[in-house]
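Notes for the one structure printed next.
Every read-out reported here was derived from the displayed coordinates using simple, explicitly stated rules and does not represent laboratory data. What you see is a predicted model; the values in this text were computed from it and never measured. Glycine also receives a Cβ, built like all others from the backbone with ideal geometry; neighbour counts cover every protein chain displayed.
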Amino acid sequence: MSDQDPDPITTEENDPSHDEIADVSQEEQIQEDNDISQEEDAPENVPPPGRNKRFRIIAIIVAVALVVGGVVGVLLYQRHLETVRVAAIAECNSVAVSHRTARFSLQNDIKQAQTTLADVKDQVQNQATYDALNKAVQTAQTVVTQQAGTCGDDMTTADARAVTSTTNDSLASFTENSDAVRTSVKAANDSHEAWLFDQAKTAADIAKTALDADVASVDTSAAESTYSSSDGQVSDDSTRQALRAAIDELNNAVTDANAIDTTKATTTDEYTALATTLTDATTRIDTAKAAVDTAVQSVNDSVSAKKAADAATASRTSSNSSSSSSNKSTGSGSNSSTTTTGGSGGTCDADCQHAEYMLERFSCPGWTGTGTRMFFLDEGVDLSNCTKIG
């Protein structure tokens, strides 16, 4: 080292600025030591100097937050309560609408039930179903008068819920009674349908019995005998043809009646139709039987007419023969036979007059149509009880 360079240590120690810096550092060290000593000696519940201000600020902030939060909470709660109240009123109104709808439906059910009661009275298979329907209607009539509660916009939540509860109870009663009435109506109608079925089946059975009896009573042997024996013995053969047609129609009616199938009917409508068919078949047979009787009578009248005509002809022939013989025996003498003028403008002797007398027609009690005097006398009928025709 050069003799001219100063000694660093010596220089530092002799520098006045160095001494000032050292004094300041020493004072700061002393102050920090005092602060530490004061913090250690201070009581625990006393905040260190400088912290009180921060605590006060925090406390104020918290207090403000609590107030604001409380106000907001109250407002939100009040809003919630209003929402609940409005919802309760809305529910009350909705239930009231449902109540009116159900009430209208029950009123219609009652009207329908009353119509059913009138329609099926005394026409049910089971009277208990009718009585049950009548009771259901009476009960429903007492319930249907219930009215829905009034739902006002200024109602409290509790009031709205109370009205809703009462209206719901009434609504449930409407629904219950509607179900009961409808069920009873169905039961009564089913019983009525069963009654109709029984009636239709019974009518068919009665008609079948009547038809069977009618068929069994048919006997065309006498008519056939009249038809056969009258061949060539009638004054008008059309009467025999009419008899033949009547006999054939009666036979056909019996054949068609026997062909009716009574085993296929299973429903009310089918039994009703079957009863009609059987009744029509019976009517057809009865009509054909009457036609045969009338035709037989006409043939008999025609036979009697021919007999009378034949007798008159024979009488005239005999009279003519007698007159001829008398003329021959008397020569040119006058005819001794007495003659009268007939109704036709010619002459009619006693035999002719007798023939006309026997062909006079009468209507007698218990006999269909009319007949000649000869016919009724042959039958042993007392003509004093008969009426002369023409």
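Note on 239, 267: ascending count of other Cβ atoms within 10 Å places them as 267, 239, the fewest first.
In plain terms, the chain from residue 309 to residue 241 could stretch by 22.4 nm, reckoned as 0.36 nm per residue minus the Cα-Cα distance.
Treating each Cα of region 53-140 as one equal point scatterer and applying the Debye formula with no solvent, the log10 of I(q)/I(0) at q = 0.19 Å⁻¹ comes out as -0.92. Each of the peptides 227-237, 365-375 was scored by the mean count of other Cβ atoms within 10 Å over its residues; in descending order, highest first, they stand as 365-375, 227-237. A simple packing score, the average count of other Cβ atoms within 10 Å per residue, orders the peptides 142-152, 184-194 as 184-194, 142-152, with the highest score first. Considering every alpha-carbon pair of region 158-233, the percent of pairs per 10 Å bin, from zero through the bin containing the longest distance, is 14, 15, 13, 13, 11, 9, 8, 6, 4, 3, 2, 0. Fewest-first ordering of 361, 79, 244 by other beta carbons within 10 Å of each residue's beta carbon gives 79, 244, 361. With a Cα cut-off of under 26 Å and a minimum spacing of 8 residues unless on different chains, the lysine pairs in region 105-239 number 8. Calculate, for residue 108 and residue 58, the FRET efficiency according to 1/(1 + (r/R0)^6) with r their C-beta to C-beta distance and R0 56 Å; round to the nearest 0.05. The value I calculate is 0.15. Stretching the chain fully between residue 121 and residue 255 yields a gain of 44.1 nm (0.36 nm per residue, less the alpha carbon separation).
Cross-link reach is defined here as a Cα-Cα straight distance under 30 Å, omitting same-chain residues fewer than 8 places apart; for residue 388 the lysines meeting it are 289, 306, 307.
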